[in-house]
Amino acid sequence: MNIDFFIDIDTVVHRLDGRTKILLFLFSFVALVLFEDPLYILPIGLLILTQNFLARAWVNIWRIRILLTILTISSVIMWNVFASGETHLFWFVDLESLLYSLARTMLILLMIISGMNLLSTTRNEELVLGMIKLGLPYRVGFAISTSLRMVPTISSSIYTISQAQRSRGLDLESGNILERIKKYIPLLIPVFISTIRGTNVFGMALESKGFGAREERTFYLAMEMERRDWLVFAFCILVMATAIYLNSLGYGDIAGLTKF
Amino acid sequence: MTDQAIEIKDFKFRYRGTKELALDGISLNVSKGEFLVLMGASEAGKSTLCASMNGLIPHYQRGKIKGNVSILGMDTRENKVADMSEYIGMVFQDFEAQLFSTNVELEIAFGPENFAVEREEIGRRIEKNLAYVGLEEFRNRPPSTLSGGQKQKLAIASVLAMQPQVLVMDEPTTDLDPISKQGVFDIVNQLRQRDDITLLVVEHETEETLNADRIALIRDGKIVRVGPVRDILRDVDFLEEMGIMPLGIPRLFNQMNYPVLPLTPKEGVEEFSKTGWKISGEKYAQLLANEAGADEKKGNLLIQCKDLEHTYPNGVKALKGIDLDIYQGEIVAIVGQNGSGKTTLAKHLNALLTPTEGEVFVNGLHTGEQGVYEIGKKVGYVFQNPDHQIFSELVYDEIAFGLRLRDVPEEEIDQRVKEALEAVGLTGFEQEDPFSLTKSGRQRVAVASVLAVKPDVLILDEPTTGLDYIEQRSMMEMVKELNRQGSTIIFVTHHMWVVAEYAKKVFVIKDGKLLLSGSTREVFSKEDELIESFLRPPHFVQFSNLLGKTFLTPDEMISAIEKD
């Protein structure tokens, strides 16, 4: 089972510098949280989707479609509970709260897509190097990338363990919630233990390869900010500035919305 | 400067929280350029000794330490692991956990990067070491997509890129098929030619040690003997006593009380021609006739695969049309290269996986319609790694788990747990914590937990991997006994001697297809076809093939030898 998100192809987005891709992700986050009105989120959303299209990273979004669907449904309902407005529609839903919940849902989905754009187009090492060049200490960068690396390892051990327990007669699909939670114990304990054992070897192997031997360290991966990076960077600043300006003028809020 | 690469003086180590010494007064010198193999039973202290060499002990794994370990004159107490790593490289058994990068080149770059080696120089080292281990064409591949043997070669290349003067390998080939194993040892032998590198390798398989200079035998944390390879390998009885598998060829000559003990198949054939012994054609024919007779008495058809194909959700086609029949009471081995599809095949036999094309029947029942819950009652499956299933605090509860899930009454559970424990030789362990047992103990708990459900068929995935010779033997003797009592046994394995001595029938899988099948003797007589699927029979069987007859064990051959 391959659960790595990085897609090893050559696209315009892949060719961008790691730093640019990280900044794109951070900028999109800032731009998204500024607005409450879905209409203002829409253009930023289109930009993120364009990036996704150019990176040919739609497959990764498709892979998590079930998660996204669940998030969409629960988020659209939930935000209505936490907000109210003046124009009542039905039940606990007002026009303003509906718009607000749509905006929040878009925010969550777009954040995930933007994050996926980053992971789909950036190698783990490039991500670390990008973070370090942006000022993060190497060890912190490495820790982040290691935890990303752990995800596929753990999910493949969950897969094996659930097969082992199923063949002993464990049926995870039946029973009420309480019973089901109890059934997960035979999965969780072996997952924890094998992960801990694996991490131990990982730590030893890491030390044995001289991790942290020198204050300074070189990077084989070359990374240069090129003209296209500066262009993307400039474009991002422009979008950000516009967003902040509009926001400061009071655009993008929903009139008559009360948040709890 | 000293000419010793490794100097260990009266070294003792006790892990924190344990009472017994893991290493108890080790003294060992390895000179520069030497190739030393370290052998011993499980828990003898091999891995602890390896970890002591580059300072993982005492810096990473804490405990009480006495005596000295010095590598190229550097004391491990005074130097951090990361600093030592420039001089002493380490390759671990677990090839998944020691690779961290997203492509092959970057994996090799990782070590030199830590020592701030210039980019151009790293580039040169990548080229050199990729070529050295023969992975040039994989340079842009993610390590996770490589086969087990390739991963281990990559691990070696990534350590060599740091240009260490001492290389320690802790059971580098345990999880590999025979030819991948040989591939790794070919690299080791290549390294041996170089006098700028000292090698210390922990190895279970005696056949692979023939090219080393010396063997050190370790037991209960003490070095029992160190000597030239050929001397030690000829001491058949002593090896057996140490829990190390003696080579079949010297064992045969030893049992025949012949004064000269050849080691390799070639030497064996040469020596055999001098003995004046003859293999009785009559007795060999008798052996074959007995086998044919047993085959005719076979039981009912139990498992049937019809044009079985399996494609994983990611599009990888793991099985490409397999037809096979397994009969009641058989003991069958499924063998093949890492990634050939043998585990995928085994998982179809208890309905953990269902065919994407074709059909599998167990006892006439369609696996796709019945599912693993139903089929699982008839076909038990023991996974390779017992840690993937053990979760209870008591051995008793672990074994009762499957029974409780199937609502067996408590009194009966009591009885069945007792029987299962007896079958695996763990009577009296009911109230023990399974996690405190050794690997082989945990393996037995896993087998018992499956046995308790009383399946007709038992599938074992790599039942002997990670065990030492004595543990492997007792595991397989237990399996044999279960078979004698009526269980049908199917096991997946890389260990060819286990196949030779315990399987009656063999299925060879290659690239998702059934390449060969037949009695073990038939299959092992076809060496060329086996090599094609990355397998080769044990030295002893190769030796007998060279003599024109296929014998599976020395005892079998002895019974057919006629002295003049």
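What follows is calculated from the coordinates using simple rules that are stated; it is not laboratory data. Everything numeric here is computed off the predicted structure, so don't read it as measured data. Note that each Cβ is placed from the backbone with ideal geometry, even for glycine, and that neighbours are counted across all protein chains shown.
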Original post:
For the residues B:M245, A:M223, what sequence is obtained by ranking on other C-beta atoms within 10 Å, fewest first?
Top reply: A:M223, B:M245
Subject >> Distance between modelled label sites at A:V12 and A:W230, nm, 7 Å Cα→Cβ extension >> reply: 1.9 nm
**OP:** Within a 10 angstrom radius of each residue's Cβ in B:107-119, how many Cβ atoms of other chains show up on average? Whole number is fine.
**Re:** 5
Original post:
Where does each of B:Y60, A:Y184 land when they are ranked from fewest to most other beta-carbon atoms within 10 angstrom?
Top reply: A:Y184, B:Y60
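Between A:R139 and A:R63, what length comes free when the chain is fully extended (0.36 nm per residue of separation minus the Cα-Cα distance, one decimal in nm)?
Values: separation 76, 0.36 × 76 = 27.36 nm, distance 3.09 nm.
That works out to 24.3 nm of additional length.
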Original post:
Once label points are set 7 Å from the Cα along Cα→Cβ at both B:M74 and A:L54, what is their separation, rounded to one decimal in nm?
Top reply: 4.7 nm
Original post:
Quick one: putting +1 on the C-beta of Lys and Arg, -1 on the C-beta of Asp and Glu, what dipole do you get for the stretch B:362-423 around its Cα centre, in Debye to the nearest 20?
Top reply: 300 debye
**OP:** Could you work out how far helix B:281-296 tilts from the main Cα principal axis of chain B, as a 0 to 90 degree angle to the nearest 10?
**Re:** 60 degrees
**OP:** State to the nearest 20 debye the size of the charge dipole of the protein assembly as shown about its Cα centre, where the only charges are +1 on K and R beta carbons and -1 on D and E beta carbons.
**Re:** 880 debye
**OP:** Output the antiparallel fraction of DSSP beta bridges having both residues in the protein assembly as shown, as a percent to the nearest 5.
**Re:** 60 percent
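For a quick check of your reading of the filter: which trypsin sites (Lys or Arg not before Pro) in the stretch B:12-112 sit in a DSSP loop and have no more than 14 other Cβ atoms within 10 Å? Provide the component values of the computation, followed by the final result.
Details: sites: B:K12, B:R14, B:R16, B:K19, B:K32, B:K46, B:R62, B:K64, B:K66, B:R77, B:K80; in loops: B:R16, B:K19, B:K32, B:R62, B:R77, B:K80.
Sites meeting the loop and neighbour criteria: B:R16, B:K19, B:R62, B:R77.
At R0 = 25 Å, how high is the FRET efficiency between B:D325 and B:Q485 if r is their beta carbon distance? Nearest 0.05 is fine. Working shown, then result.
On the way: r = 22 Å, r/R0 = 0.89.
Given R0 = 25 Å and the Cβ-Cβ separation, E is 0.65.
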**OP:** Could you list A:Y40, A:Y245, B:Y502 in order of exposure, starting from the residue whose Cβ has the fewest other Cβ atoms within 10 Å?
**Re:** A:Y245, A:Y40, B:Y502
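What is the stretch B:89-144 by shape, rounded, prolate or oblate, if you read a ≥ b ≥ c off the alpha carbon gyration tensor as root eigenvalues and call it rounded for a/c under 1.5, prolate for a/b larger than b/c, and oblate otherwise?
Details: a/c = 1.63, a/b = 1.22, b/c = 1.34.
It comes out oblate by the Cα gyration axes.
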Original post:
In degrees, nearest 10, range 0 to 90: what is the angle between the Cα axis of helix B:265-275 and the longest Cα principal axis of chain B?
Top reply: 80 degrees
**OP:** Please work out the Cα center distance from the stretch B:114-154 to the stretch A:201-231, rounded to the nearest Å.
**Re:** 16 Å
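Hey, any idea what the orientation-averaged projected area of the convex hull of the stretch A:106-237's Cα atoms comes to, in nm²? Walk me through the intermediate numbers first.
Working: hull surface 49.9 nm².
Convex hull of Cα atoms, orientation-averaged projection: 12.5 nm².
Please sort through the DSSP H helices of chain A and keep those with an alpha-carbon extent of at least 18 Å along the long axis and a Kyte-Doolittle average not below 1.6. Display every interim value, and only then the final one.
On the way: long enough: A:18-33 (23 Å, 1.75); A:38-54 (23 Å, 1.56); A:65-81 (24 Å, 1.64); A:95-121 (39 Å, 1.39); A:138-167 (44 Å, 0.19); A:185-208 (35 Å, 1.19); A:227-248 (31 Å, 1.11).
Result, helices passing both filters: A:18-33, A:65-81.
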Original post:
Roughly what angle does helix B:104-114 make with the longest principal axis of chain B, taking Cα atoms, 0 to 90 degrees, to the nearest 10?
Top reply: 30 degrees
Subject >> Estimated dipole of the stretch B:213-263 in Debye, rounded to 20 [Cβ of Lys and Arg +1, of Asp and Glu -1, Cα centre] >> reply: 100 debye
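Just check the stretch A:5-117 against the gyration tensor rule for me: Cα atoms, a ≥ b ≥ c as the square roots of the eigenvalues, rounded for a/c under 1.5, and otherwise prolate or oblate depending on whether a/b exceeds b/c. Let's see the in-between values first.
Details: a/c = 3.28, a/b = 2.04, b/c = 1.61.
Prolate is the answer for the stretch A:5-117, as a/c is 1.5 or above and a/b outweighs b/c.
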Subject >> Estimated distance in nm for a label pair at B:E127 and A:L249, the labels positioned 7 Å out from Cα along Cα-to-Cβ >> reply: 5.9 nm
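Stretched out fully, how many nm does the piece from A:E215 to A:F29 gain, at 0.36 nm a residue minus the Cα gap? Don't skip to the end; give the middle numbers.
Working: separation 186, 0.36 × 186 = 66.96 nm, distance 3.33 nm.
Extending this stretch completely gives an extra 63.6 nm.
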Subject >> Inter-centroid distance (Cα atoms) of the stretch B:224-279 relative to the stretch B:418-488, Å >> reply: 31 Å
